[in-house]
1. Would you point out which residue out of 75, 95 is at pLDDT below 95, open to solvent by 40 Å² or more (accessible area, probe 1.4 Å) and within 22 Å of residue 197 (Cβ to Cβ)?
2. Is it true that residue 136 is part of a helix (DSSP H, G or I), exposed (fewer than 15 other Cβ atoms within 10 Å of the Cβ) and modelled with pLDDT under 95?
3. Given the condition out of contact with any Cys (no Cβ under 6 Å at 6 or more places or on another chain), at pLDDT 55 or above, surrounded by 10 or more Cβ atoms within 10 Å (Cβ to Cβ) and assigned to a helix (DSSP H, G or I), answer yes or no: does some residue in the range 2-16 qualify?
4. In the range 187-210, which residues are in a helix (DSSP H, G or I), among the polar types (S, T, N, Q) and open to solvent by 20 Å² or more (accessible area, probe 1.4 Å)?
5. Return the residues of the range 149-192 that are over 30 Å from the mean Cα position of the chain (by Cα), over 18 Å from residue 206 (Cα atoms) and of a type in the set (S, T, N, Q); say none if nothing qualifies.
6. Can you confirm whether the range 178-186 contains a residue that is modelled with pLDDT of 90 or more and open to solvent by 90 Å² or more (accessible area, probe 1.4 Å)?
7. Cβ-Cβ under 6 Å, sequence separation 6+ or interchain: first residue in the range 168-187 and free of Cβ contacts under 8 Å to residues at least 60 places away in the same chain, partner part of a helix (DSSP H, G or I). Which pairs?
8. Working carefully through the options 27, 62, 31, find the one that is of a type outside the set (D, E, K, R), open to solvent by 50 Å² or more (accessible area, probe 1.4 Å) and either modelled with pLDDT of 95 or more or closer than 20 Å to residue 202 by Cα (or both).
Amino acid sequence: MTTTYGTTTDAEVPGSREDDDLDESLQNIEQAVRAAQRAFGEISRCNLLLDHAQETGDEVLQELDVLLRRREHAAVPALLDRLDALSAEVARSEADRVVVRRILFGEDEDDVPADADEAAVPCVTTDDLPRIPTVHDVDDPGDSTLEDMWERDQALASRQHEVRLERTRIAADHLRTVTVRAVGSFGTPTATAALLAQGRRAYVLWASCV
């Protein structure tokens, strides 16, 4: 009986399969690391944009303070437009952040707790402002002299002026409060949008008092 020693051409070299599997595993790990690096880089970009928006928003608030003190209502809408633009930019960035965090950590948008304080939008309307007194609010004894009538008119005008100033102050405080909270809520775009919408209404109210 003759025995032939040798190997066939399609026989596997011992250990080659293990080497191929190892190379493939290393490639998968390398791809996963690169994907994670890109994801964390995207989160870093979102953080930088949010910081920039916050700084710019703070500058807008300083400008708003000046306009409120000077009662220059015509220039305020432009500031609100800037905040709207910042809010839109941050909203797009935060949407990207949600996707990245879902990929990295399996987080859902619903898993992120909403800030109840930011979600609650303060509201002030004309009905909340003190009423401006009229001549019907002035006591008339019925037999007043011209001098008495003049004094009553002067007192009424003085009181009306005080109330108008108070109405303007309340409206201005409301406008500033809403815009401050809007800038502080840039990280939660839904709250920011609601606050800025209220800011527009607050501006209309303040402008009507100036």
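The values are calculated or read from the model by the stated rules, or taken from the named source; none is laboratory data. No experiment lies behind these values; they were computed from the predicted model shown. Every residue, glycine among them, receives a Cβ derived from its backbone with ideal geometry; neighbour counts consider all protein chains shown. For accessibility, only protein heavy atoms count, side chains too; no ligands or nucleic acids. Shrake-Rupley method; radii C 1.70, N 1.55, O 1.52, S 1.80 Å.
1. After applying the criteria, what remains is 95.
2. Considered against the rule, which asks whether it is part of a helix (DSSP H, G or I), exposed (fewer than 15 other Cβ atoms within 10 Å of the Cβ) and modelled with pLDDT under 95, residue 136 comes out as yes.
3. No.
4. Looking only at the range 187-210, we keep the residues that are in a helix (DSSP H, G or I), and these are 189-209.
Now drop any that are not among the polar types (S, T, N, Q), which leaves 190, 192, 198, 208.
190, 208 - these are the residues of the range 187-210 that are in a helix (DSSP H, G or I), among the polar types (S, T, N, Q) and open to solvent by 20 Å² or more (accessible area, probe 1.4 Å).
5. 154, 158 - these are the residues of the range 149-192 that are over 30 Å from the mean Cα position of the chain (by Cα), over 18 Å from residue 206 (Cα atoms) and of a type in the set (S, T, N, Q).
6. no
7. Listed pairs, sorted by first residue: 171/205; 171/206; 171/209; 174/202; 178/195; 178/198; 178/199; 178/202.
8. 62
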